[in-house]
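In what follows, a single structure is set out as structure tokens and then discussed.
The values are calculated or read from the model by the stated rules, or taken from the named source; none is laboratory data. Computed from a prediction, not measured in an experiment: that's the story for all the values here. Cβ sites come from the backbone with ideal geometry, for glycine too, and all protein chains shown count toward neighbours. In case anyone asks, the SASA skips ligands and DNA or RNA and just uses the protein heavy atoms, side chains included. Shrake-Rupley method; radii C 1.70, N 1.55, O 1.52, S 1.80 Å.
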Number of protein chains: 2
Amino acid sequence: MTRTIALLLAAATLPAVPTAAQTPPAASSQTFAPLFAAEVERARRDVDASIKAGINVPVPKDPGGGFTHEQHKRNYRIIFEGGQLFRLTGEARYRDHVRDMLLAYADLYPGLGPHPAKANQNAGRLFWQSLNDSVFLVNAVQGYAQIRDALPAADRKRIDDNVIRLMARFLSDGSPQVINRIHNHATWAAAGVGLSGYLLGDRDLVDKALLGLDKSGKAGFLRQLDLLFSPDGYYAEGPYYQRYALQPFVVFAAAIAANDPGRKIFEYRDGIVLKAIRTAIDLTHDGYFLPINDAMPDKSLRTEELYHAVAIAYGATKDPAFLSIADWQGRTVLTPAGQAMAADLAAGKAKPWPFGSRLLSDGPDGKGGALVLLRTNADPAGPLLVAKNTVQGMGHGHFDRLGWLYYDETGAVVTDYGAARFLNVEAKHGGRYLPENDSWASATIAHNTLVVDEQSHFAGDWKAGEKHGTRQLAASLEGPTRYTIAEIDSAYKDVKIRRALLLVEVDGLANPLTLDILHGTGSGRHIYDLPLHFSGHIIDSDIAFDRNLAERPVLGKANGYQHLWVDGTGTKAGKARLTWMQGSRFYSYHMLPPAGARFIVAESGANDPEFNLRREPALIQRVEGAADATFVSLLEPHGAYDAAAETVVASSARVAALEHRQEKGADLVLITLVDGRRVALAVADDTTADAKHSLTVDGRTMTWTGPVGRLDLAKTGAKK
Amino acid sequence: MTRTIALLLAAATLPAVPTAAQTPPAASSQTFAPLFAAEVERARRDVDASIKAGINVPVPKDPGGGFTHEQHKRNYRIIFEGGQLFRLTGEARYRDHVRDMLLAYADLYPGLGPHPAKANQNAGRLFWQSLNDSVFLVNAVQGYAQIRDALPAADRKRIDDNVIRLMARFLSDGSPQVINRIHNHATWAAAGVGLSGYLLGDRDLVDKALLGLDKSGKAGFLRQLDLLFSPDGYYAEGPYYQRYALQPFVVFAAAIAANDPGRKIFEYRDGIVLKAIRTAIDLTHDGYFLPINDAMPDKSLRTEELYHAVAIAYGATKDPAFLSIADWQGRTVLTPAGQAMAADLAAGKAKPWPFGSRLLSDGPDGKGGALVLLRTNADPAGPLLVAKNTVQGMGHGHFDRLGWLYYDETGAVVTDYGAARFLNVEAKHGGRYLPENDSWASATIAHNTLVVDEQSHFAGDWKAGEKHGTRQLAASLEGPTRYTIAEIDSAYKDVKIRRALLLVEVDGLANPLTLDILHGTGSGRHIYDLPLHFSGHIIDSDIAFDRNLAERPVLGKANGYQHLWVDGTGTKAGKARLTWMQGSRFYSYHMLPPAGARFIVAESGANDPEFNLRREPALIQRVEGAADATFVSLLEPHGAYDAAAETVVASSARVAALEHRQEKGADLVLITLVDGRRVALAVADDTTADAKHSLTVDGRTMTWTGPVGRLDLAKTGAKK
């Protein structure tokens, strides 16, 4: 009995709730807040349909997306929901259905060996990879806990012994290569094993989950909390896996808080669990996770993991900003935490989430670099400049150090391909990562950062990349000139790269400008490519492209270059411009590349025998045979297209000129608008905060302290 | 005074309203329904901003999208809105601003010659084409009418004489080549001239508008009503221009009803004006107009034209289904008609629009063919099969006789490119139609219909096409087997084409199947190409394609073929399949082409020097050297992908086999599902409604009356 109560506490993160098995409330006596009532209804439909269909626990056979895979996923969901429904309604059919299903697993599970569709050494029993088995266990334990005390002892023993304990043993002692890693698969395993331990009163399982199989603390959940998140709650693999990893972290943390309150798990490492949840929310644009590293771009806050995380975080903090996230999600979890949160949302307690600029340090010690988010306002869909100055991100990391992205009200503007994968679509390699994930999606040329000699960073070796961080030199998160400056000298043997990205607000321009100053500094002669992957339809350019109109070659042979069709190449002296249109807005990309540079318009999709790639445009600035190269680029969003009203304004750029020079230890960039106003921006080589600098611009003296200076000049040259 | 009242009546189509100029209600005393209140607020913002900015009536210079173009558009909107606001609020500043703006036009207009950016003989004065001048006048008269009686006589005279009358004369006697046409440009001109006539009490202008410049009735508004719409209210140029044309039709009709009630204009030609509005709404999917012929695919019911049309139609009919359209639009017009409609919407009187299957006859006499819409339910975003068995559609018509489209909850599935144009985007040829509109968008190969010998229908000559209708042989709009059968023998000299398209509902399948039986019957040897343009990402195919992986050639030299990149070609004996994914759904296209056929996977975008084309996939079934060719194809939507829940169901097709044979004067198609059930569908050559037919299928006798028979066979062969 005590154990069941503890698990209920875990799910609720509340001091006390009545014991479900003893005093189940009648369904009719309950008044749920709308969000929670909808969950109860949804779960009733699911579980009632499952009751009607009967128990279906098939012998495992199919990979992701196949029938047995999806059926076992449906089953753990039914176990979870059925258990919660029994707690909420006391209706016996829910208890009986969950019991019958678990008994069917008790018959099946002990006889299973490695899954027949296994792809590597981490085969599961029910699923092709043991990760899914862990997810099964995390869900099944939470559902089973709600009915366990209401079962006859014999049934309880069969399920305890033949399902829960066996699965927990398989995922702990039976899978040391999984649970002892520092990796999200290990977190899921630890959560499953730990929840099982609490339920069964098996301290051995709990300790192995918390401290690793040898209980030394060198592995296990606590070590994962130490190593997988930066001090700012940034997850090493990036937002997509941060989302995925959150569920076991928060669910297990809630269980630890309830069962081992002395551990003060929500205070552990300066509150790292709650930081991780907040940071996950910050890592979205318009509710969608930034698709850095291996990531599906259609993942939003509307996922099971975040329903759990938001409910548990709200329970732990009562921060009303979480309520606005729940409101956007339109969903919650069936647990007491979800129930309490839905009630507060219905009571009108929600406050907007304070989206803002953030510097999210990377690495366990926060010294591996940073992911920098620059926003000009708190609108979830407002302008967002992302600079990826992180560590590698382990095996799912892409080779895109110093890369950048840009989002605004039209969605992703400067884009990341994400992963080459069709999740759970069986015809696409069983829903797993596709070959093009390595050959294209993770390659440097598929990102918005410098490529040297057509090679990916770290020669495409993620383990090499994992050894090197990125140096975040400076950043400013507020004011009209937000910026980040970072560098790396380990991505290529011979070349150091430094990049300053500035998000610049200018009076009279409705949208901020992004100024990019990138230096490649090397020895010997190199090919330098700076790609820009963008979303939209090309409107025009002042570059005279030599077009491949009737036969389309590929750009290169390897490292992702083989996947790029070349639409055309061209040159232009001085500033060059490409303008495209997306949604209701125009974007002009102004470039001052090194002397002798060529511009290449390309599109992904070449050498793609299975039609695995999306076809997306890119513009590459290329210089050949140079030791050093400086690329100065400016992204200018402008104008508006209104399909309904048939009106167009400002379809041409407002930036008329772009100049760059290096003097007195600084890069000076002059932006001239069509109305004659000028903005001078200076980025000093010395990035220390208290260094003082001075330059002369248009006969005026410009002085500043710290890395970045700015001077706005009126048309006449008078100070504004 | 009388004239002003009449125009108010026109806008309201109500029996009586107070005279604005005499008894303007105080703003604070008004309680508007929310939809209308929002319009008033929006107009106040617009007009107050215009008042603050001051009058700006520039000398005409720019083409569409340029500054002077957009400014004159803004101005006529301000005149319209300012006039209505004066009527609604009585606030003098609105009257004065509209007056001042019209006086500025009175200074400018008399001195104007043909617009400097004119593209052809139909140059306007204020705009590059006179069409926009007509739109200006239609709007300006409606706004001016609200303030006219409140002006000093001298101002009134200047505006009457130097703006309204001069513009009306320019658009009537000054532009016979426009107003005497049977064309939407002529309707706008007639509406502008006619409204001016009513306002000025100038019967000559009114009669010219109604009956043509010679007042014979061979041209003018009434003749346009006779000739531009079919008896079912289908507009000859298609949905996009139907939308565009509606505004002058309905606004002028409302004015005629008010000023010449004896004409009973809303009963004219069996109520053609109201039919045209209803048909326009039926020609949408999920609120967006079907992009047949020259059309921008982003055009929805949310446009100014439809705000007017819906308000006036509701006023004339009180049909509550119009209210649900207004609700979806979220907008209305500032006129009394909009005000009254908004009040009824707020009163909860709306009923859903009864979207259903329709056979819309084409041609003035309804004998030119038909546009057939087959729907399985009334959901605006539900399944919709479109068969284009129409006449040419005049100069904006595409060469796509017997073409088809398919829409469902994921949007456009089997697609129409629409027009090659960036409306009002100055950098794209001034926002006009692009060269690729002729070379690609209107070509037969860009559509889902048969191409013979790589030539467009009617050799790409729209005037030749205009002389020939399509023969709509049969159709059934209800029941589980909806269909259309049509043929044409004039598109090619040597080849007759007949096509049956069936929308088939099958028990246990969540989505209807589309069966396509197409016969090309010719003499000599021909190349037959049957393209399918679809939206989505290719998932897999059982065709072994020979892929152009590293160099991509084009398909042909001319008639649109030069714009197709070839990704691969392949063959397969028996049924072949291509599966793609769009949104949350999978689509399998099953094909039984003629013996020896090849399959070509292609993409638009070749030979596109200015990046004017979107890049979209197509699959072409090709047979060479044949006299006749029969293509049997089946589109099967299936399965579901849920990104949030990470679940996929039924990603593989449920159709296992597709067989076709011709016997006893019929095409017999057998569809076998993976569960063993079979559906037999027969289409008789004799399409008369009372002809009786009989066939033997699996030893069972199948009898039916009329063109199409169906027999569902259970797994055992027993009748279901």
Report task. List every residue pair whose Cβ atoms lie under 6 Å apart, where the two residues are 6 or more positions apart in sequence or sit on different chains, the first residue falls within segment A:632-654 and is within 7 Å of chain B (Cβ to nearest Cβ) and surrounded by fewer than 22 Cβ atoms within 10 Å (Cβ to Cβ), and the second residue, located anywhere, is in a strand (DSSP E or B) and of a type in the set (D, E, K, R). Result -> none
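Looking at A:486, A:474, which one is touching a Pro at 6+ places or on another chain (Cβ under 6 Å) and either assigned to a strand (DSSP E or B) or in contact (Cβ under 8 Å) with a residue 24 or more places away in the chain (or both)?
Working: A:486 fails: touching a Pro at 6+ places or on another chain (Cβ under 6 Å).
Exactly one residue qualifies, and that residue is A:474.
Taking residue A:605 as the residue in question, decide whether it is open to solvent by 40 Å² or more (accessible area, probe 1.4 Å) and either facing chain B (nearest Cβ under 8 Å) or in contact (Cβ under 8 Å) with a residue 24 or more places away in the chain (or both).
So residue A:605 does not fit the description; no.
Yes or no: segment B:522-532 includes at least one residue that is outside any strand (DSSP E or B) and either at pLDDT 95 or above or in contact with a strand residue (DSSP E or B) (Cβ under 8 Å, 6 or more places away or on another chain) (or both). Even if it seems obvious, please write down each step before you answer.
The initial filter retains those residues of segment B:522-532 that are outside any strand (DSSP E or B), namely none.
Scanning segment B:522-532 turns up no residue that is outside any strand (DSSP E or B) and either at pLDDT 95 or above or in contact with a strand residue (DSSP E or B) (Cβ under 8 Å, 6 or more places away or on another chain) (or both).
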Requested in this report: For residue A:371, indicate whether it is within 23 Å of residue A:241 (Cα to Cα), buried (at least 24 other Cβ atoms within 10 Å of the Cβ) and either in contact (Cβ under 8 Å) with a residue 12 or more places away in the chain or not polar (S, T, N, Q) (or both).
Outcome: yes
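Determine whether segment B:257-276 contains at least one residue that is within 30 Å of residue B:386 (Cα to Cα), out of contact with any helix residue (DSSP H, G or I) (no Cβ under 8 Å at 6 or more places or on another chain), without any contact (Cβ under 8 Å) to a residue 12 or more places away in the chain and of a type outside the set (Lys, Arg).
Taking segment B:257-276 as the starting set, the residues that turn out to be within 30 Å of residue B:386 (Cα to Cα) are B:266-276.
Now restrict to residues that are out of contact with any helix residue (DSSP H, G or I) (no Cβ under 8 Å at 6 or more places or on another chain): B:267, B:270-271, B:275.
Filter again for without any contact (Cβ under 8 Å) to a residue 12 or more places away in the chain, leaving B:267, B:271.
Filter once more, keeping what is of a type outside the set (Lys, Arg): B:267, B:271.
Among the residues of segment B:257-276, at least one is within 30 Å of residue B:386 (Cα to Cα), out of contact with any helix residue (DSSP H, G or I) (no Cβ under 8 Å at 6 or more places or on another chain), without any contact (Cβ under 8 Å) to a residue 12 or more places away in the chain and of a type outside the set (Lys, Arg), which makes the answer yes.
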Query raised in the report: Listed residues B:657, B:689; which is under 35 Å from the mean Cα position of the chain (by Cα) and away from chain A (no Cβ under 14 Å)?
Result: B:689
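Looking at A:283, A:323, A:334, A:301, can you tell me which residue is within 14 Å of another protein chain (Cβ to nearest Cβ) and either without any contact (Cβ under 8 Å) to a residue 24 or more places away in the chain or surrounded by 24 or more Cβ atoms within 10 Å (Cβ to Cβ) (or both)? Can you show your working first?
On the way: A:283 fails: within 14 Å of another protein chain (Cβ to nearest Cβ); A:323 fails: within 14 Å of another protein chain (Cβ to nearest Cβ); A:334 fails: within 14 Å of another protein chain (Cβ to nearest Cβ).
Among A:283, A:323, A:334, A:301, only A:301 is within 14 Å of another protein chain (Cβ to nearest Cβ) and either without any contact (Cβ under 8 Å) to a residue 24 or more places away in the chain or surrounded by 24 or more Cβ atoms within 10 Å (Cβ to Cβ) (or both).
Going through segment B:615-631 one residue at a time, which ones are within 34 Å of the chain's Cα centre (by Cα) and either open to solvent by less than 20 Å² (accessible area, probe 1.4 Å) or more than 14 Å from every other protein chain (Cβ to nearest Cβ) (or both)? If you could, list the steps in order and put the result at the bottom.
Going residue by residue through segment B:615-631, those that are within 34 Å of the chain's Cα centre (by Cα) are B:615-623, B:628-631.
Within segment B:615-631, B:618, B:619, B:620, B:621, B:622, B:623, B:628, B:629, B:630, B:631 qualify.
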Report task. Show the residue pairs that are 6+ apart or on different chains and have beta-carbon atoms under 6 Å apart, the first residue being within segment B:440-469 and open to solvent by 70 Å² or more (accessible area, probe 1.4 Å), the second being of a type in the set (Ser, Thr, Tyr) and in a loop (DSSP other than H, G, I, E, B). Result -> B:468/B:490
Requested in this report: Working only within segment A:155-174, note down all residues that are outside any helix (DSSP H, G or I) and either crowded, with 24+ Cβ neighbours inside 10 Å or not assigned by TED's automatic domain parsing to the domain that holds residue A:97 (or both).
Outcome: A:172
Query raised in the report: What are the residues in segment A:577-598 that are of a type outside the set (Ser, Thr, Tyr), surrounded by 20 or more Cβ atoms within 10 Å (Cβ to Cβ) and under 15 Å from residue A:535 (Cβ atoms), if any?
Result: A:578, A:580, A:581, A:585, A:586
Requested in this report: Tell me which residues, restricted to segment B:297-331, are farther than 15 Å from residue B:284 by Cβ and among the acidic types (Asp, Glu).
Outcome: B:304, B:319
Query - Pairs, first within 22 Å of residue A:426 (Cβ to Cβ) and among the polar types (S, T, N, Q) in segment A:67-83, second open to solvent by less than 10 Å² (accessible area, probe 1.4 Å) and part of a helix (DSSP H, G or I), C-beta under 9 Å, six or more apart - result: A:75/A:101; A:75/A:105; A:75/A:136; A:75/A:140
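I need the full set of residues from segment B:533-554 which are out of contact with any Asp or Glu (no Cβ under 8 Å at 6 or more places or on another chain) and within 10 Å of chain A (Cβ to nearest Cβ), in order please. Talk me through it step by step, then tell me what you get.
Of all residues in segment B:533-554, those out of contact with any Asp or Glu (no Cβ under 8 Å at 6 or more places or on another chain) come to B:534, B:536-539, B:541-544, B:546, B:550.
Across segment B:533-554, the qualifying residues are B:537, B:538, B:539, B:541, B:550.
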Requested in this report: Six or more apart or on different chains, Cβ under 8 Å: which pairs go from a residue in segment A:37-63 that's assigned by TED's automatic domain parsing to the domain that holds residue A:74 to one that's in a loop (DSSP other than H, G, I, E, B) and of a type in the set (Val, Ile, Thr)? Could you list them?
Outcome: A:39/A:332; A:39/A:333
**Report entry** For residue B:293: the one exception among (1) crowded, with 23+ Cβ neighbours inside 10 Å; (2) farther than 24 Å from residue B:179 by Cβ
**Finding:** (2)
Query raised in the report: So residue A:573 clears everything in (1) part of a loop (DSSP other than H, G, I, E, B); (2) buried (at least 22 other Cβ atoms within 10 Å of the Cβ); (3) of a type outside the set (D, E, K, R) except one condition, right? Which one?
Result: (2)
Query raised in the report: When segment B:404-422 is examined, which residues are found to be more than 14 Å from residue B:297 (Cβ to Cβ), crowded, with 23+ Cβ neighbours inside 10 Å and either of a type in the set (Ser, Thr, Tyr) or not assigned by TED's automatic domain parsing to the domain that holds residue B:582 (or both)?
Result: B:406
Query - Leading residue by the ranking (modelled with the lowest pLDDT) among those in segment A:425-439 that are open to solvent by less than 10 Å² (accessible area, probe 1.4 Å) and part of a loop (DSSP other than H, G, I, E, B) - result: A:425
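Suppose we keep only residues that are among the charged types (D, E, K, R) and farther than 15 Å from residue A:576 by Cβ within segment A:531-560. Which one would you say is surrounded by the most Cβ atoms within 10 Å (Cβ to Cβ)?
To start, the set of residues in segment A:531-560 that are among the charged types (D, E, K, R) comprises A:540, A:542, A:546-547, A:551-552, A:557.
Next, only the ones that are farther than 15 Å from residue A:576 by Cβ stay: A:547, A:551-552, A:557.
Numbers: A:547: 18, A:551: 12, A:552: 24, A:557: 10.
Checking each candidate, the answer is A:552.
May I ask you to verify whether residue B:87 is away from chain A (no Cβ under 14 Å), within 21 Å of residue B:174 (Cα to Cα) and basic (Lys, Arg)?
Values: away from chain A (no Cβ under 14 Å): yes; within 21 Å of residue B:174 (Cα to Cα): no; basic (Lys, Arg): yes.
Taking the combined requirement at face value, the residue does not satisfy it.
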